[in-house]
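One structure below.
The values are calculated or read from the model by the stated rules, or taken from the named source; none is laboratory data. Since we're looking at a predicted model, the values are computed, not measured. Cβ: placed from backbone, ideal geometry, glycine included. Neighbour counts: every protein chain shown.
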Amino acid sequence: MWELTSVAEAERLSVGLRYRVLRNREPLIAVSTLYSGSDDVTQAELEIARSQILDITDLEVDHSIAFIELASPDQVTGLPRYTAAQAAGELAILPAVPGREIDPRLIPAIEAASTEPGELILGAFIRVDSISYLPIVISTFNAGRPGTLLYLLNFSQLLDTVTKGEISPRTTFSLFHPLTGTTNHASLPALASEPEAHHVVNIDMGLYEWQLTWSFDANGSGSAEQRLAYTIALGGTLITLMLSFIIYNLLHQRQIIGEQIEKKTLELIETQTLLIQREKMAALGQMVASISHELNTPIGNSLLAATLLRSRSKDLVATLGDHNGLLTDYDRKDAIDTFVSVAAESTRLIEKNIQRATELIRSFKQVAVDQSSERRRRFNLSETLRELEHTLAPSLRAERLQFTLDVPGSINMDSYPGALYQVISNLVSNSMTHAYDHSHDDRTPYRGELLLEVTSIDKEHILIVFSDDGVGVADSVQANIFDPFFTTRLGSGGSGLGLHIVFTLVTDVLGGSIKLMSVEHGTTFQMTIPTSAPESKRS
């Protein structure tokens, strides 16, 4: 049972690590907005932006940011050369020295960005003196010149921060990147003794998949073979004693065995309940991380727009305050026109991003309250599912999946919206994990579509149909799809609890039924749910 618990914990921590790493893309998103919204970004403006980002995000990881331009090829080798037109930060591998040629080890990440214009790319790790650096890049322009924004993180420092207090001394993992071979980028402390079990989790980081190899030590001392030998010896002794007294104590032994079975059954139920609760909280934690990332983007955009407006205001004041007579009235009028244009655009960006942040906060607040409290209340189904759609949007956009919601506005329910949120979220997560090929390089805007349709059966029941257009479910596993701990992707992002939680919530909490439909393409789930949940289903 400890091994099963460790596997579930490894899956949860792997998901958490992925989202904590992806959250550190926010400074690059903010700076790319500055470049795309300005005619010409200067070195000083980049330094101001970086300082503002540090204040907003409380980023405690060493990093550097630079705008990279392609220089003339090397005269000897003919290979391309790249220079940092602007640079800000403290990392030795990417110092704040504008005009300096960059380290050749950064070039693969920069060239990868050119193959995915406008997309955030996490490049391969760069290992220097036992420290791993993670380059994050995106192609953009500055004053009409094409280039690449490069954001370089001290990944080893980030990993120490993320794992501190999260991983027990009996657990560790190694982190491998497909382009760096056997180099372990985790560098976590070794276990006290040989691990008894290993578990591999592959996490999708966009252009590449990272491999986390987890190792578990059951008790921190002794080998698995020694414990097995002790267990066999002890078991043999107990069996001998039982055989010696079985004639005289048959009824007593039966009673003991019955009590042991009952105890183990209760322990298994408690463990399963604990794992299910962890899975539910992991889903809520994933939603929190996703919304936090999505929320920081409009807030960061608004602050950068305000910073740009303040900078342009200072330029205007300096121009209008020219006392040397060097500027003509035409120059002043041109400066005013330029400022008015920048002010209008900055104001529009600030208003748009604040509205976006307000919508996200309102939607997430309701979803989080319902899902954490598991309270019963009356609600409009269309409004509730629209709120959930807002919270799922960042994850769906990251996976390039389209989500279509078809819900009548006239359906009102007296039920548990938190349970309904969990059901839909798990079905969406199941499609993300299993329905689509994550390694396929698809240049189309979307690589799949999810559809949620709701219709009224009668005044007391509704029909919810969730479907995707992915690879579908093999006939050989359809009978086990709702079983606990059953998964076709153990070690690759599947814990085997997602659909079991869906089945439990639909039948035990919402008072309905769910079944997997036989369809020609993709996967379809059909749920029949009462508009008023039975009182006896939730104490």
Does at least one position in the stretch 389-410 carry a residue that is surrounded by 15 or more Cβ atoms within 10 Å (Cβ to Cβ), of a type in the set (D, E, K, R) and in contact with a Phe, Trp or Tyr (Cβ under 8 Å, 6 or more places away or on another chain)? yes
Considering only the stretch 112-133, how many residues are loosely packed, with under 15 Cβ neighbours inside 10 Å and under 16 Å from GLY147 (Cα atoms)? 5
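Can you tell me how many residues in the stretch 64-83 are among the small types (Gly, Ala, Ser) and in contact with a Lys or Arg (Cβ under 6 Å, 6 or more places away or on another chain)?
Pass one, the stretch 64-83, residues among the small types (Gly, Ala, Ser): 64, 66, 71-72, 78.
Restricting the remaining residues to those that are in contact with a Lys or Arg (Cβ under 6 Å, 6 or more places away or on another chain) gives 71.
Here the count works out to 1.
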So THR524 clears everything in (1) over 28 Å from the mean Cα position of the chain (by Cα); (2) of a type in the set (Ser, Thr, Tyr); (3) modelled with pLDDT of 85 or more except one condition, right? Which one? (1)
Residue check, SER513 against (1) at pLDDT 90 or above; (2) surrounded by 15 or more Cβ atoms within 10 Å (Cβ to Cβ), all met but one. Which one? (2)
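Rundown of residues vs (1) among the acidic types (Asp, Glu); (2) within 22 Å of the chain's Cα centre (by Cα); (3) modelled with pLDDT of 60 or more; (4) outside any strand (DSSP E or B), yes/no style:
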| position | (1), (2), (3), (4) |
| --- | --- |
| THR161 | no, yes, yes, yes |
| ILE167 | no, yes, yes, yes |
| LEU191 | no, no, yes, yes |
| PRO195 | no, no, yes, yes |
| TRP210 | no, yes, yes, no |
| SER215 | no, no, yes, no |
| GLY236 | no, no, no, yes |
| LEU243 | no, no, no, yes |
| LEU251 | no, no, no, yes |
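Please report, ordered by residue number, the helices (runs of 4 or more DSSP H) entirely within the stretch 15-117 with at least 1 residues that are in contact (Cβ under 8 Å) with a residue 40 or more places away in the chain, in contact with a strand residue (DSSP E or B) (Cβ under 7 Å, 6 or more places away or on another chain) and closer than 30 Å to THR338 by Cα. Working first, answer last.
Details: elements: 26-36, 43-57, 107-115.
Helices (runs of 4 or more DSSP H) meeting the threshold: 26-36, 43-57.
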Spot the failing condition for PHE173; the list is (1) in the same structural domain as ARG18 (by TED's automatic domain parsing); (2) buried (at least 22 other Cβ atoms within 10 Å of the Cβ), and only one is missed. (1)
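Can PHE503 be described as modelled with pLDDT under 90, in the same structural domain as LEU427 (by TED's automatic domain parsing) and in contact with a Gly (Cβ under 6 Å, 6 or more places away or on another chain)?
On the way: modelled with pLDDT under 90: yes; in the same structural domain as LEU427 (by TED's automatic domain parsing): yes; in contact with a Gly (Cβ under 6 Å, 6 or more places away or on another chain): no.
When the stated conditions are applied, PHE503 does not pass them.
Would you please name the residue that is nearest to LEU120 (Cα to Cα), looking only at residues in the stretch 414-425 that are touching a residue at least 60 places away in the same chain (Cβ under 8 Å) and either surrounded by 21 or more Cβ atoms within 10 Å (Cβ to Cβ) or not assigned by TED's automatic domain parsing to the domain that holds GLU453 (or both)?
Per the stated criteria, the residue is SER425.
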Given the conditions (1) closer than 17 Å to SER14 by Cα; (2) modelled with pLDDT of 85 or more; (3) in contact with a Phe, Trp or Tyr (Cβ under 8 Å, 6 or more places away or on another chain), every one holds for LEU134 apart from (1)
Which of the residues belonging to the stretch 322-353 are of a type in the set (Gly, Ala, Ser), exposed (fewer than 12 other Cβ atoms within 10 Å of the Cβ) and at pLDDT 70 or above? ALA344
